[in-house]
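Notes follow the structure.
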Amino acid sequence: MKYFIANWKTNKTLQLSIEWMQTFLENYVPNENKKIIICPPFPFISKLNEMISQSAHVYIGSQDISVYEQGTYTGEVSALNLSGIIKYTIIGHSERSLHMHESTDISFQKSKLAHKYGFVQFYCIKNENDPYPPYVEFVCYEAIDAISTGDGKGNNKPLKIIIGLKRKLALQPNTKFIYGGSVNENNCKEYFNSPEIDGFLIGGASLNPQRFLAIINS
Ligand code: PGA
């Protein structure tokens, strides 16, 4: 099984996200060995959930959840708010620490909430020294210097380096390993063929449905 997680970050309007999904669904061929999780900005989640309701192996997830569960936290979107709507979430993306100065402690608190609400979480780490909660099903390695500036064409890591890092993590046998950082339609084949990598967190190259499909079909 390979997992393809699209991280749209802070891109698109509702209309553009609908158009993306229309194009995607017109060209998408379900495959029981491939799971696709699309993480749009929060406001588009419900509409996209409706659109994929008849499609096999495609899911909508969130890019983050609040560190708070509920209460007087204006503007926050919590695991409680999202429960019953999504079942996948990204936790601890490096851009949360880079731009929002969130610490590992905050990521762990979010992770606990995601766990409490039964979400499957893609827990992100930046290097082999980053801790991760022991119960997470997916650890996503995305080196900050490999993340693109939005076009999916940055400094992606050579497979050898990624596998070396994975070995250092000494993951439990049932913990899956995801790579993110400038994965695109040109470099994905090398990654895809490696049994060491269970899936991909794709930012820039997921913004275009044809590019995202090319990665899935590689
Ligand atoms: P990128 O983003 O594919 O644009 O490098 C990856 C990520 O940040 O998840």
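The values are calculated or read from the model by the stated rules, or taken from the named source; none is laboratory data. What you see is a predicted model; the values in this text were computed from it and never measured. Glycine also receives a Cβ, built like all others from the backbone with ideal geometry; neighbour counts cover every protein chain displayed. Surface areas here come from the heavy atoms of the whole protein model, side chains and all, with no ligands, DNA or RNA. Shrake-Rupley method; radii C 1.70, N 1.55, O 1.52, S 1.80 Å.
Among the residues of region 118-127, those identified as touching a strand residue (DSSP E or B) at 6+ places or on another chain (Cβ under 9 Å) and either within 12 Å of the ligand (Cβ to nearest atom) or at pLDDT 95 or above (or both) are F119, V120, Q121, F122, Y123, C124, I125, K126.
Count, please, the residues in region 95-140 that happen to be of a type in the set (A, V, I, L, M, F, W, C), farther than 21 Å from G181 by Cβ and open to solvent by 30 Å² or more (accessible area, probe 1.4 Å). Summing the residues that are of a type in the set (A, V, I, L, M, F, W, C), farther than 21 Å from G181 by Cβ and open to solvent by 30 Å² or more (accessible area, probe 1.4 Å) in region 95-140 gives 2. Taking every residue in region 70-81 that is small (G, A, S) and pairing it with any residue that is open to solvent by 90 Å² or more (accessible area, probe 1.4 Å) and assigned to a loop (DSSP other than H, G, I, E, B), at least 6 positions away or on another chain, the pairs with Cβ-Cβ distances below 8 Å are S78/Y68; S78/Q70. Residues that are in a loop (DSSP other than H, G, I, E, B) and surrounded by 12 or more Cβ atoms within 10 Å (Cβ to Cβ) within region 31-44 comprise N31, P40, P41, listed in sequence order.
Taken together, the criteria exclude K12 from residues that are without any contact (Cβ under 8 Å) to a residue 60 or more places away in the chain, among the basic types (K, R), surrounded by fewer than 18 Cβ atoms within 10 Å (Cβ to Cβ) and farther than 25 Å from S107 by Cα. Among the residues making up region 75-114, those that are touching a Phe, Trp or Tyr at 6+ places or on another chain (Cβ under 8 Å) and part of a loop (DSSP other than H, G, I, E, B) are E76, V77, S78, S83, I86, K87, G92.
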